[in-house]
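Encoded as structure tokens, the structure appears first; notes follow it.
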Amino acid sequence: QVQLVESGGGSVQAGGSLRLSCATSGYTGSRYCMGWFRQVPGKEREGVATIDTSGGSTYYADSVKGRFTISQDNAVNTLSLQMLSLKPEDSAMYYCAAKRSSGGYCPLFVGDYYYWGQGTQVTVSS
């Protein structure tokens, strides 16, 4: 079905920037919610940002709002997450995820998503 492959992670100093990418494939004509989630060892996975692939509506976690921007490039089937003003607490494994959607804002709830990528590591040093 849907295949997701993340890339773009790395190590940066606090205040720096990174842009993550998620290459997608296997889509049908269905409408999807796409999202970025992150997780650190010993903690639960949390939603970062989501976007509706049809309408483009976005939704952000309070912790990243104003600093991160989620976007999609339908021409190359790629989902991106531009991260600015990175903080040490942003360090985590970042995952791309997807689920079918009927409309409205896409949720940040991890349990709603069932297509997942392998993750890409982001490390922010102080």
* Scan of the stretch 69-85 for residues that are in contact with a Leu (Cβ under 6 Å, 6 or more places away or on another chain) and either more than 19 Å from GLY104 (Cα to Cα) or not in a strand (DSSP E or B) (or both), ordered by number -> LEU81, MET83
* Asked: Given (1) assigned to a loop (DSSP other than H, G, I, E, B); (2) open to solvent by 70 Å² or more (accessible area, probe 1.4 Å), where does GLN121 come up short, assuming only one miss?
  -> (1)
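Considering the stretch 29-50 alone, what residues qualify as being open to solvent by 30 Å² or more (accessible area, probe 1.4 Å) and in contact with a Phe, Trp or Tyr (Cβ under 8 Å, 6 or more places away or on another chain)? Explain how you work it out, then say what you get.
Within the stretch 29-50, the first condition is being open to solvent by 30 Å² or more (accessible area, probe 1.4 Å), and the residues that meet it are 29-31, 39-46.
Listed by number, the residues that qualify are GLN39, ARG45, GLU46.
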* Structure fact -> Given (1) free of Cβ contacts under 8 Å to residues at least 60 places away in the same chain; (2) small (Gly, Ala, Ser); (3) surrounded by 15 or more Cβ atoms within 10 Å (Cβ to Cβ), SER80 misses just (1)
* To do: Inspect all residues belonging to the stretch 28-37 and state whether any of them is outside any loop (DSSP other than H, G, I, E, B), in contact with a Lys or Arg (Cβ under 7 Å, 6 or more places away or on another chain) and at pLDDT below 95.
  => yes
* Mind listing whichever residues of the stretch 83-100 are surrounded by fewer than 20 Cβ atoms within 10 Å (Cβ to Cβ) and modelled with pLDDT of 95 or more? => LEU84, SER85, LYS87, PRO88, GLU89, SER91, MET93
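Give the residues of the stretch 17-26 that are surrounded by 15 or more Cβ atoms within 10 Å (Cβ to Cβ) and out of contact with any Asp or Glu (no Cβ under 6 Å at 6 or more places or on another chain), sorted by residue number.
LEU18, LEU20, SER21, ALA23, THR24
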* To do: Considering each residue of the stretch 100-112, count those that are touching a residue at least 60 places away in the same chain (Cβ under 8 Å) and within 15 Å of TYR59 (Cα to Cα), and give that number.
  => 8
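Considering only residues of the stretch 51-62 that are assigned to a loop (DSSP other than H, G, I, E, B) and open to solvent by less than 60 Å² (accessible area, probe 1.4 Å), which is modelled with the highest pLDDT? Show your work before the answer.
Start the filter on the stretch 51-62 by keeping residues that are assigned to a loop (DSSP other than H, G, I, E, B), which leaves 53-57, 61-62.
The next check asks that each one be open to solvent by less than 60 Å² (accessible area, probe 1.4 Å); those that pass are 53, 55-57, 61.
On the way: THR53: 85, GLY55: 75, GLY56: 80, SER57: 90, ALA61: 98.
Step by step, filter the stretch 51-62, then rank; the result is ALA61.
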* To do: Could you tell me whether the stretch 102-112 includes any residue that is surrounded by 16 or more Cβ atoms within 10 Å (Cβ to Cβ), over 17 Å from GLY8 (Cβ atoms) and aromatic (Phe, Trp, Tyr)?
  => no
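The values are calculated or read from the model by the stated rules, or taken from the named source; none is laboratory data. This is a predicted model, so every value here is computed, not measured. When we count neighbours, we look across all protein chains shown, and the Cβ atoms used for this are built from the backbone with ideal geometry, even at glycine. Quick note on the areas: whole protein, heavy atoms, side chains included, nothing else; ligands and nucleic acids left out. Shrake-Rupley method; radii C 1.70, N 1.55, O 1.52, S 1.80 Å.
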